[in-house]
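What follows is one structure encoded as structure tokens, with my remarks underneath.
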Amino acid sequence: MSPEVITTQQRWPDSICIGTPGKGGEIKIYFNSGDLTEAKQRADNAIAVRQHLLNRFTQDGQRV
């Protein structure tokens, strides 16, 4: 019987961190730098989610 070969692959091996936690928040985006289109989409999505949360906190009367 041959030994079983197990390989591990990271789907998003690269990351970038933008912002400061104490000054409005930090966004960390994981992406694959080999796929520029997907990387841009992941960044756009993260920024949209951050903006959505900031809007929600403002609507609920919470301090951001």
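Every condition in (1) assigned to a loop (DSSP other than H, G, I, E, B); (2) modelled with pLDDT of 85 or more is met by residue 62 except one, and the failing one is (2).
What are the residues in segment 1-26 that are of a type outside the set (Asp, Glu), modelled with pLDDT under 90 and under 24 Å from residue 57 (Cβ atoms), if any? Passing the criteria: 18, 19, 20, 21, 22, 23, 24, 25. Each residue in segment 15-59 was checked for being assigned to a strand (DSSP E or B) and of a type outside the set (A, V, I, L, M, F, W, C), and 7 of them qualify. Filtering segment 12-48 to residues that are aliphatic (A, V, I, L, M) and loosely packed, with under 11 Cβ neighbours inside 10 Å leaves 36, 48.
The values are calculated or read from the model by the stated rules, or taken from the named source; none is laboratory data. The model shown is predicted, which means the values in this text are computed figures rather than measured ones. Positions of Cβ are backbone-derived with ideal geometry, glycine not excepted, and every protein chain shown enters the neighbour counts.
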